[in-house]
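In what follows, a structure is listed as structure tokens, so that the remarks can point back to it.
The values are calculated or read from the model by the stated rules, or taken from the named source; none is laboratory data. In this text, all values refer to a predicted model and were calculated from it rather than measured experimentally. Note: ideal-geometry Cβ built from the backbone for every residue, glycine included; neighbour counts use all protein chains shown. Ligands, DNA and RNA are stripped out before the accessible areas are found, and what is left, the full protein with its side chains, is counted by its heavy atoms. Shrake-Rupley method; radii C 1.70, N 1.55, O 1.52, S 1.80 Å.
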Amino acid sequence: MSLPVWCVLALTLTALTVDGAIEDGAGRISALEEARLQRENLVRKYLKRLKKEDGALKLVGGRGDFEGNVEIFHAGKWGAICDDEWDQSEAEVVCRQLGFPGYVKPTHTGYFGRAKRKFWMDNLWCGGKEAELADCHFDGWGTNDCESGEAAGVICKQHDTAETTTEKPIPVELKVAKKRFGERLELRLVGGRVAGEGRVEVRMVDGEGAAGPWGSVCGDGWGLLEGNVVCRQLGLGYANNAVQTDFFSEESEANGKLPERVLLSGTECYGNESSLADCLHNPIGEGDARCSDRRGHVAAVTCVPQMADLVFDHVEMEQSLHLEDRLMYLLQCAMEENCVATQAYEIQRDNPNWHLETRRLLKFTARVVNMGTADFRPHIPKHLWEWHLCHMHYHSMEVFATFDVIDAHGKRVAEGHKASFCLEDNQCLPGVEPRYACANYGDQGISVNCSDIYRHNIDCQWVDISELDFGEYTMRVAINPEFKVPEMRFDNNAATCRLLYTQTYARVFDCKLERP
């Protein structure tokens, strides 16, 4: 009977450890310790590779096993994870499950390349303390409405030097920080069917006005923030779609050739830049820029002259915010939509009288105004809206708003979220006729100069702060937080406020509008 590979590996390394210690003499203890750490690291890596049971994770597309897009094993197959609601809590669970000491950051929009497998999980919601990612709440295995460019990823903290002696070295050039290039980039759109669409091409212009060759932009991390900057620089309005695709690569240029290299990669814009040169990029070297999938993975954009622009009304939130203690018996529908803290689900699981327990809710009204020049519409087609029987309504967006409470160290200590179960014209300016209503499977959206209002008495319009200590915090409410629906700008979609929480009341003040 043969031993498993990892067992043989462990026995071999043990033998090597003993031999090394005997020969070392005075350095016997340090040699033993170093060999033991090497052995544990190798065994852990082989165990992770060999583990193919439901819920197993792996990271793909990164520079090492500490980073990449997350894939999970289910029903005998590996699958990707959608980045809807993907944030620090999910990254913490992933890195802990993989044996790393923590996370550096979660990644979105196919940061390590497009998803090459079907999506197993969508709308993940973790509390951060779960033992495995499969223990978190999500829509169900295989239930999703995601495209390949929405792959969720993570960068985990690496182990100390002694434990990472077997890791592949990271090339020095990959450690260089991103930077801006000033006014040295020219843009154009190529291959589109009309003037306002196509793949994005750039070229560098030196101080004397001499221009270099045209090149493409790598699609890694490309999204609406970057697309808006391109459309603004070209005077074409606003980005209606910003994609990673080869759709526009079939057309040839006047000289009959397509650009042979990717010139820019790692493009990262805040969204309010006037030029793509003002955004962050990976350094431009002599050769092609790094790209996870060189062929058929370039940045493209579609520009339109009119666009919606949502603005969050922080004054309404300040005036309506209050505390309410509510029986869990009355929160059953909200719990089905992941609208309470993780501890509530633990109480439901462990306490037979869970329905008599109470949760403390920080409730407020959220009023969102469309100040743009076009209607705000869900990006999911109507036939894909999801019916929720408990509340008797359709979900037209995965996440419309997120609510976070952050402590003085910048750590999120409580959170809430709202799926867009009803986008409609609740209140319009005089002379504006409401167009959208949710009743009878009606069309959802927000008309220009109209407001969608989630009142404080509606399920999920709260943050569950039952476990929160009294004190002062930061509260952050963000609308369209994942930039899934295009807008004129995004730096008015979030309100960051000071939150004072005492034994008898809570209030928010000093609110500022900014980007999610």
Out of Asp375, Asp407, sole residue that is of a type outside the set (S, T, N, Q) and in contact with a Lys or Arg (Cβ under 8 Å, 6 or more places away or on another chain): Asp375
Residues (in a strand (DSSP E or B), at negative phi and open to solvent by less than 30 Å² (accessible area, probe 1.4 Å)) located in the stretch 60-70: Glu67, Asn69, Val70
Take Ser466 and decide whether it is within 26 Å of Gln88 (Cβ to Cβ), assigned to a loop (DSSP other than H, G, I, E, B) and either at pLDDT 90 or above or open to solvent by 30 Å² or more (accessible area, probe 1.4 Å) (or both). yes
Just wondering, is there one or more residues in the stretch 363-380 that are surrounded by fewer than 19 Cβ atoms within 10 Å (Cβ to Cβ) and without any contact (Cβ under 8 Å) to a residue 40 or more places away in the chain? no
Hey, Ile347 hits all of (1) buried (at least 16 other Cβ atoms within 10 Å of the Cβ); (2) in a loop (DSSP other than H, G, I, E, B); (3) not aromatic (Phe, Trp, Tyr) but one; which does it fall short on? (2)
Just to be sure before I move on: is Glu424 modelled with pLDDT of 85 or more, open to solvent by 40 Å² or more (accessible area, probe 1.4 Å) and in contact with a Pro (Cβ under 9 Å, 6 or more places away or on another chain) in the structure I sent? yes
Determine whether the stretch 120-130 contains at least one residue that is in contact with a Ser or Thr (Cβ under 8 Å, 6 or more places away or on another chain), open to solvent by 70 Å² or more (accessible area, probe 1.4 Å), touching a residue at least 40 places away in the same chain (Cβ under 8 Å) and more than 17 Å from Val60 (Cβ to Cβ). yes
Single residue of the stretch 71-96 satisfying the filter (free of Cβ contacts under 8 Å to residues at least 60 places away in the same chain and outside any loop (DSSP other than H, G, I, E, B)) that is most open to solvent (accessible area, probe 1.4 Å): Lys77
Checking the structure you have, find out if any residue of the stretch 391-403 is outside any helix (DSSP H, G or I) and at positive phi. yes
Any residue in the stretch 308-320 that is in contact with a helix residue (DSSP H, G or I) (Cβ under 7 Å, 6 or more places away or on another chain) and either open to solvent by 70 Å² or more (accessible area, probe 1.4 Å) or modelled with pLDDT under 95 (or both)? no
Can you work out which of the residues in the stretch 226-248 that are within 19 Å of the chain's Cα centre (by Cα) and aliphatic (A, V, I, L, M) is nearest to Ala374 (Cα to Cα)? Ala242
Could you tell me which numbered condition His388 fails, if it satisfies all but one of (1) surrounded by 17 or more Cβ atoms within 10 Å (Cβ to Cβ); (2) modelled with pLDDT under 85? (1)
Scope the stretch 469-505; condition among the small types (Gly, Ala, Ser) and open to solvent by 10 Å² or more (accessible area, probe 1.4 Å); matching residues: Gly471
